[in-house]
Amino acid sequence: LVHIAALDNASKSDLFYRKLFNGKVKSSNDHPISIFYSYLTSPRYYSPRWLHEGIAVFVETWMDGGKGNALGNYDEMFFRTRVLENSRIYSAQGLASAGTSADFMSKANFYYYGTRYVSYLAHEYGPTKLIEWIKRKDGSKRGFVNNFKHIYGFPISKSWDNWIAFEKEFQKENIKKLKENPVSEDELITDKVLGGVSHAYHDKKRNKIYVAVNYPGKIPHIAEIDLDSGKIKRLQDVKGPTLFNVTSLIYDKKNDLLFYTTDNDDKRDLNSYNLRNGKSKLLQEDFRVGDLAFNKVDESIWGVKHMNGVSTLVKIPKFDKENPTKQYSTWKQKYTLSYGSDMFDIDISPDGLNLSAAVTDLNGNQYLNIYDMNSLSNGDKENIKYEEVFNFDVSSPQSFKYSDDGKYLMGSSYYSGVSNIFKVDAKSLEIEILTNAITGYFRPIPLDKQKIFSFKYTSDGFVPVFVKKLDNIEVSGIDFLGNNTVKKYPELKDWKKDVPNPTNFDESKIDPKEGLYFPKKEVKLNYSYPIVVGYKNKVGVGYKYKYQDPLGLKSVELEFSYTPNSWKNNLDDSIGDIDKDEEIHASINYSTSKLTGFLSGTYNLFASYNKADFYDLFGPTKRSRKGLNFGLDINHSLVYDSPKNLDLNLGLSGYYGLNQSPEFQQINFANKDFNTNLFYNFYSSFVYRNLKGSVGAVDAEKGIKSALTISSAMTEG
């Protein structure tokens, strides 16, 4: 909603141009001049992404009473670590380049930098002034840069530099506070920074760690870390990873199997990887379950299924009576949480009697609970037995897992303001803090009485370390920029909006409309604007109209233009005149999409008369052609399993009155070797793509791309 408000707020001049162009113009590659018209109708659309994301996170944080990244632990760790390591804090320009391509955070940096910068502005100059900058209204400047200077009185570039200087001093004070108590010591296992990491598992037999990693320069994969040598070996690429957690990974020690999920930003598939032979196997497709846990007793897999906004704890048994030849081929519902609640980071005790889980409610409170497995198996939701270990408030309990003997759980939490390692006694439920970190420790695994394996946060990603155990740990708190801001400007508390519930919201006031959606009935004029075109060695002007339904399933584009013979294109050195009947140009393109069924795909029906093209103004390739052109293009996806895709493209076109080959401009028909009355062209292609890239990659780095194309042309000449 914040995005909509920030993008669509309009001044009188914006509304004038929207009326002039019959709507908000969307830029088009076919007519680059459309960018100018688009800017006139929606100027704030052309603000940088860090600004869009930053103000959205800032507003939603304070509308939720301070629960969000504007008052977040990760944000503080992010900038504290960069200051500690003297790492680069990007300029606004650097953020849009190296900050999203060479950094393991990739485009997530837009959120963290944007949120931090607007939070700094609110802290220094107040939230009211911040909102005035974001607003588009009468008297405001069209561009975000000019409006910044209009509101604050100095350039945004200077403000960004001021923020970086402020951030360094702010974080130096926090680092100083954390060092008031003895800081935990750690030892690097390898110099390699692993970027984002999944849950990790220790193979005692081989003394190796299995973890999925995601960092720039390497395709996301499951890796094996040798704890003796520090060497890292790639085991298996992960298809469809997430940025930070990569995949949901679990380990079956008995059978030397790793289970992991693919298509993690889609419907998720369940796979296994055999450590003995190095082979991967697909077990379930589109099963939409993550946060996996392994039950060592019956070798079942448990996980959390997300569907229709509801989280459900499910069991994936090893064997299915109805399909005994396949393993892990089905799932069974065990416990569905109420709407607004979620369960994650689950683990099962070695004896199979208890399940630990982090649980969050509708208000953002996060708990560590231990559930009785027998009560989960009886299907009675009302009588499920569990113990609440601790309410971590908004500081998520992360990666709590049972020790091999089941006597305690170990995980991490930001409860002290910094991500430290905690230990929970499985019987008494007493909690003990084990570290005092400066940056943060994550995914701990107890190795022996002296040390813990963990991932330490650095500016370039997570690195594996041995953390030395210390007795009588004391930790210090840190200052949060968000806390300082709300103390300085308490009006931020008034931004809070309660979550809708029966006491404050009357559901009967909603007047929903149900029915079938017919795209053709919803098609209307979206926008129109003047265009400039080239035709042979002439220049012309015209107008474009775009009709479309709101979902974009059907659209019609109309173009009309005029190129007088006397309007010579001075960028074209060729000499020649055009006939009178070539001065008028028109084109129509009708596009429709069928989403399901045998004939699903995209259909484009087109026709043009004396086709003109903007890029013919510059050449040397000329796309304009005399005569009538009509045809049909069809695109159908035979395989759609991103990044693996196989497309079938079919096309049929006809030409009438040509004096030049439609494909090769150097071939003309002036010598009458061809009959110019009718010219048919049929083409088809199979296009296969299976391309992968590491985080931040600007192009594919690995994979296959191939195409088979067949075309045929016919004429009576």
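Structure notes:
- Lone unmet requirement of (1) at pLDDT 95 or above; (2) in contact with a strand residue (DSSP E or B) (Cβ under 9 Å, 6 or more places away or on another chain); (3) surrounded by fewer than 20 Cβ atoms within 10 Å (Cβ to Cβ) for Thr242: (1)
- Out of Thr247, Thr261, one residue alone is at pLDDT 95 or above, in a strand (DSSP E or B), under 23 Å from the mean Cα position of the chain (by Cα) and polar (S, T, N, Q). It is Thr261.
- Test: Ile438 is under 33 Å from the mean Cα position of the chain (by Cα) and more than 25 Å from Lys334 (Cβ to Cβ): yes
- Residue list for the range 1-28, filter: of a type outside the set (Gly, Ala, Ser) and more than 16 Å from Tyr527 (Cα to Cα): Leu1, Val2, His3, Ile4, Leu7, Asn9, Lys12
- Counting only strands (runs of 3 or more DSSP E) that sit wholly inside the range 187-230, those with at least 2 residues that are crowded, with 19+ Cβ neighbours inside 10 Å and under 20 Å from the mean Cα position of the chain (by Cα) are 208-214.
- Selection within the range 568-597: residues that are among the small types (Gly, Ala, Ser) and surrounded by fewer than 12 Cβ atoms within 10 Å (Cβ to Cβ). The member of this set that is farthest from Ser608 (Cα to Cα) is Gly597.
- Residues (surrounded by 15 or more Cβ atoms within 10 Å (Cβ to Cβ) and small (Gly, Ala, Ser)) located in the range 611-646: Ala612, Gly619, Ser624, Gly627, Gly631
- Segments classed as helices (runs of 4 or more DSSP H), wholly inside the range 12-68, with at least 3 members that are at positive phi: none
- For the range 93-140, a tally of residues being closer than 30 Å to Pro220 by Cα and either part of a helix (DSSP H, G or I) or not aliphatic (A, V, I, L, M) (or both) returns 22.
- Selection within the range 104-125 - at pLDDT below 95, crowded, with 21+ Cβ neighbours inside 10 Å and out of contact with any Asp or Glu (no Cβ under 8 Å at 6 or more places or on another chain): Met105
- Residue within the range 549-557 that is of a type in the set (Val, Ile, Thr), at pLDDT 90 or above, closer than 24 Å to Pro620 by Cα and in the same structural domain as Tyr615 (by TED's automatic domain parsing) present: no
- Residue that is farthest from Leu7 (Cα to Cα) [pool: residues in the range 140-152 that are of a type outside the set (Lys, Arg) and free of Cβ contacts under 8 Å to residues at least 40 places away in the same chain]: Tyr152
- Checking each residue of the range 476-483 against the condition of being farther than 22 Å from Asn73 by Cβ and either of a type outside the set (Ser, Thr, Tyr) or part of a loop (DSSP other than H, G, I, E, B) (or both) gives no match.
- Breaking point among (1) on the phi < 0 side of the Ramachandran plot; (2) within 29 Å of the chain's Cα centre (by Cα), for Phe422: (2)
- Of the residues making up the range 676-717, those that are part of a strand (DSSP E or B) and of a type in the set (Val, Ile, Thr) are Val687, Ile704, Thr709, Ile710, Thr715.
- Note on the range 316-435: enclosed strands (runs of 3 or more DSSP E) holding 1 or more residues that are surrounded by fewer than 17 Cβ atoms within 10 Å (Cβ to Cβ) are 332-336, 366-372, 386-391, 420-425, 431-433.
- Candidates Phe390, Phe422, filtered to the one that is free of Cβ contacts under 8 Å to residues at least 60 places away in the same chain, among the hydrophobic types (A, V, I, L, M, F, W, C) and more than 26 Å from Lys179 (Cα to Cα): Phe390
- Within the range 604-619, the only residue that satisfies the criterion of being on the phi > 0 side of the Ramachandran plot and small (Gly, Ala, Ser) is Gly619.
- Options Val463, Val523; residue that is assigned by TED's automatic domain parsing to the domain that holds Pro550, modelled with pLDDT of 95 or more, farther than 30 Å from Asn569 by Cβ and not hydroxyl-bearing (Ser, Thr, Tyr): Val523
- Taking the listed residues His221, His150, His199, the one that is under 30 Å from Ile35 (Cβ atoms) and not assigned by TED's automatic domain parsing to the domain that holds Met410 is His150, with no other qualifying.
The values are calculated or read from the model by the stated rules, or taken from the named source; none is laboratory data. What you are looking at is a predicted structure, and each value in this text was computed from that prediction instead of being measured. Ideal geometry is used to build each Cβ from the backbone, glycine not excepted, and the neighbour counts take in all protein chains shown.
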